[in-house]
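None of the figures in this text is laboratory data; all of them are computed from the coordinates on show. These figures come from a predicted structure and were not determined experimentally. Cβ atoms come from the backbone with ideal geometry, glycine included; neighbour counts cover every protein chain shown.
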Amino acid sequence: MNAQDPADTETAAQRPISVVIAGGGTAGHISPLLAIARAITEVQPQAQVTAVGTASGMETRLVPEAGLPLETIDRVPLPRKPSVDLLKLPLKLRNAIKQAGEIIDRHKADVVVGVGGYVCTPMYLAAKRRGVPVVIHEANARPGIANRVGARSAAVVATAFPDTPLAGARTVGMPMRPEIAGLDRAAQQRSARENLGLDPQKPTLIVTGGSSGALSMNKTIEQVAGDVGVLGVQLLHITGRGKQVKTSTGELLQADGYRQVEYVNGMEDVYAAADLLVARSGAATVSEVAAVGLPAIFVPLPIGNGEQALNARALVASGAAHLVEDAQFTPDYVRTTILPLITNSQQLSVMSQAAQGAGVRDAAQTMAGLILQEARA
């Protein structure tokens, strides 16, 4: 039955608001999805919020861990060049739209929300056929295909960054977990460093290449690990799962002032502990760095459509961050630019103040308000 059929009006008025949120594949899509879902239930505890992803994405682990019900549909990537997969695309998309429609009907969705990823296009098309309003959040400065398609008929289009080229979009910032949005770096610095096994007193550089883009950055850090101790600073190297830096004899690399871990569960500790962060410029990282006022060096992932460099553009222009291409992130760059900066407290303070001026901490609450408004309408 159509979600807005007059015959269903009395039932809809009596039942809790139903919100279906689509997104997944990477943490960059799942993190804002979970933040939005949490903000909705804080405003409207009786709301029924359901996530939709694919069976092959990180959402299969992260969404249930967050206590949110997850539905899945088939993954339908768009082939970039002529192939057999391109010929199969219409049938695959048709099947995914059918699956999406069944989810919308089963949950009697009052609104469908999309945060990007392969799962979103079928959800948007199925919602449009049923007259269910769509609310979109685009995390990247350069929007993905799914959100470009969905934005043409969406009731609300929101973006993390200004000047994202989507018609009718409004800038709301990046939805993020309250542990990050409400972070007081100064107050939590000591405990965060202790949680990460670091010296509470030493200037701290933290380097992370993320789960998928760490290899080239790890190779550079491997060559400078022995340099940090003599400067009286410490370096926490988050290598990525299964990407530990080892010596020629197969042992974990060790050096004075250098510590490596594969993964940190809770980036709020990283943001509080660091005086300077070196990281990829995914949309979530850029937005969170700005919100908490953390100076950063961004090394955009050298693959994709160039959105990571665009994501960092405003922070770099404000003086809150530096940007270096992946190929230029060399041991020499670390020694001549990054290590001198970590010992320059005055410059780090200037960068921190610039970052805080660009940060948005209440994007999740703003999105929740927009979504509930459309659901009630």
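Kindly express, to the nearest 10 degrees and within the range 0 to 90, the angle between helix 215-224's C-alpha long axis and the longest C-alpha principal axis of the chain.
With both axes taken from Cα atoms, the answer is about 20 degrees.
With angles folded into 0 to 90 degrees, how steeply does helix 185-195 sit against the dominant principal axis of the chain? Use alpha carbons for both and round to 10.
Between the helix axis and the principal axis of the chain, the angle is about 80 degrees.
Taking only the C-alpha atoms, wrap a convex hull around the range 279-377 and report its volume per residue in Å³ as a whole number.
So the per-residue hull volume is 98 Å³.
Looking at the range 179-358, what % of its DSSP beta bridges pair antiparallel, to the nearest 5?
Around 10 percent antiparallel, to the nearest 5.
Multiply the residue gap between L215 and D332 by 0.36 nm, knock off their C-alpha separation, and tell me the result in nm, one decimal place.
Answer, rounded to one decimal: 40.4 nm.
If r is the Cβ-Cβ distance from D362 to R148 and R0 is 22 Å, what FRET efficiency results, to the nearest 0.05?
My answer for the efficiency is 0.25.
Along the Cα→Cβ direction, 7 angstrom out, place labels at E194 and K98. What is the inter-label distance in nm?
5.9
Please give the helix 307-318 orientation as an angle from the longest Cα principal axis of the chain, in degrees from 0 to 90, rounded to the nearest 10.
60
Mind checking the full-extension length gain between Q223 and R129? Use 0.36 nm per residue of separation minus the Cα-Cα distance, one decimal, nm.
Full extension of this stretch gives 28.2 nm more.
Local charge sum around A364 (other residues, Cβ-Cβ under 13 Å, Lys/Arg +1, Asp/Glu -1)?
-1
Between beta-carbons, use under 14 Å as the cut-off and find the net charge around V134, counting Lys and Arg +1, Asp and Glu -1.
+2
What FRET efficiency, computed as 1/(1 + (r/R0)^6) with R0 = 51 Å and r the Cβ-Cβ distance, is obtained for Q373 and T249, rounded to the nearest 0.05?
Between Q373 and T249 the formula returns 0.25.
What is the ratio of the Cα radius of gyration of the range 179-358 to 2.2 N^0.38 Å, with N the residue count, to two decimals?
Compactness ratio reported: 0.95.
May I ask for the net charge around T204, where only other residues with Cβ less than 14 Å from the Cβ of T204 are counted and Lys, Arg are +1 while Asp, Glu are -1? Don't skip to the end; give the middle numbers.
Details: positive: R185, R190, R193, K202, R259; negative: E194, D199, D269, D275.
So the surrounding residues net to +1.
Provide, in order from the shortest bin, the percent of all Cα-Cα pairs of the range 96-212 in each 10 Å bin, continuing until the bin that contains the maximum pair distance.
In order of increasing distance, the bins hold 12, 31, 24, 17, 13, 3 percent.
Between rounded, prolate and oblate, where does the range 222-266 land on the alpha carbon gyration tensor, with a ≥ b ≥ c its root eigenvalues, rounded for a/c under 1.5, else prolate if a/b exceeds b/c?
Taking the square roots of the gyration eigenvalues as a ≥ b ≥ c, the range 222-266 is oblate.
Determine, for H29, H322, the number of other Cβ atoms within 10 Å of each Cβ, and report the residues in order from fewest to most. Please list the in-between numbers first.
Working: H29 29, H322 19.
Final ranking by Cβ density, sparse to dense: H322, H29.
Project the alpha carbons of the chain onto their principal axes and report the range along each, largest first, in whole Å.
Extents along the principal axes: 74, 48, 35 Å.
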